[in-house]
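Remarks on the structure that follows.
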Amino acid sequence: MTATPHQARMASLRTRSAVARVFIGLFLVVDLLLALFAALLLYREVTTRISFFMVALPGFLFLIALPLLASGLALMVWVHRAHDNLRAETLEGLNFAPGWAATSFVIPVAGLIVPFQAMRELWNRSHGEPEHFARVSVDKVSSWWTCYVAGTLILGALTVLTALDRLTPFVLMTPPGVNGLFLLLALLLLGGSALYLWRIVGAITLAQQNVTRVTGTFD
């Protein structure tokens with residue numbers, strides 16, 4: 001039996017969801033292992049009063065960047081498919097094109113706002129909310145984005161601090177353990193973000209595939 005266009009879209013969404021969740025899970029595992037190492041490093045700094053932060057941070061950044069890039073790419077592919085599914089069902093009042101929702105993650109400035117708004121709309125419309133409820137707050141989506149932005153900003157600030165210390169005459173002195181504490185906090189926030197995102201991808205995928213036609217949910 002030949003699959004209908006709707007069935008083909010749902011099959012594609014399930015495949016992309018599975019891939020995205022595998023990479024998000026991989027990121028979470030790496031992040032938690034790095035958080036454990038950061039906690040051990042923090043303990044050593046506090047007990048010895050010697051800071052190892054400037055030496056260790058580049059390694060942390062390299063190790064977290066690889067799974068972050070892989071999971072980010074897989075997420076963008078899934079986001080594009082999920083938004084495209086809604087448009088394929090001719091829903092009215094959609095505010096985010098699939099391409100814009102997917103690529104906004106890597107666009108400066110827009111990347112701090114658009115992905116959250118697009119994911120919130122995707123959640124609400126996929127779960128049967130009408131057009132005027134597309135912007136209703138979703139706890140999981142808000143928690144995901146808050147953790148992600150906070151963790152990313154802290155990690156970015158620590159990176160700038162390290163670059164200033166290594167590449168310029170300027171040195172910002174901090175007591176041993178302070179930078180390590182912020183690094184641990186950033187990793188825990190990113191881990192929480194990954195956990196929320198893993199659940200969001202699964203929930204939206206399930207919501208879209210549990211209806212015969214997406215339009216039937218929104219009538």
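Within region 15-34, the only residue that satisfies the criterion of being more than 17 Å from the chain's Cα centre (by Cα) and either outside any helix (DSSP H, G or I) or surrounded by 16 or more Cβ atoms within 10 Å (Cβ to Cβ) (or both) is LEU34.
Residue check: is PRO67 part of a helix (DSSP H, G or I), closer than 30 Å to LEU167 by Cα, of a type outside the set (D, E, K, R) and touching a helix residue (DSSP H, G or I) at 6+ places or on another chain (Cβ under 8 Å)? Spelling it out, PRO67 is indeed part of a helix (DSSP H, G or I), closer than 30 Å to LEU167 by Cα, of a type outside the set (D, E, K, R) and touching a helix residue (DSSP H, G or I) at 6+ places or on another chain (Cβ under 8 Å).
Candidates are the residues of region 201-219 that are crowded, with 20+ Cβ neighbours inside 10 Å and at pLDDT 95 or above; the one that is nearest to the chain's Cα centre (by Cα) is VAL201. Condition check for PRO67 on (1) surrounded by fewer than 16 Cβ atoms within 10 Å (Cβ to Cβ); (2) at pLDDT 95 or above; (3) under 14 Å from the mean Cα position of the chain (by Cα): one failure, at (1). State whether the residues of region 75-84 include one that is within 25 Å of the chain's Cα centre (by Cα) and at positive phi. No, there is no match, as no residue in region 75-84 is within 25 Å of the chain's Cα centre (by Cα) and at positive phi. Of the helices (runs of 4 or more DSSP H) contained entirely in region 70-189, those carrying at least 2 residues that are among the hydrophobic types (A, V, I, L, M, F, W, C) and surrounded by fewer than 17 Cβ atoms within 10 Å (Cβ to Cβ) fall at 139-167.
The values are calculated or read from the model by the stated rules, or taken from the named source; none is laboratory data. All values derive from a computational prediction rather than experimental measurement. Positions of Cβ are backbone-derived with ideal geometry, glycine not excepted, and every protein chain shown enters the neighbour counts.
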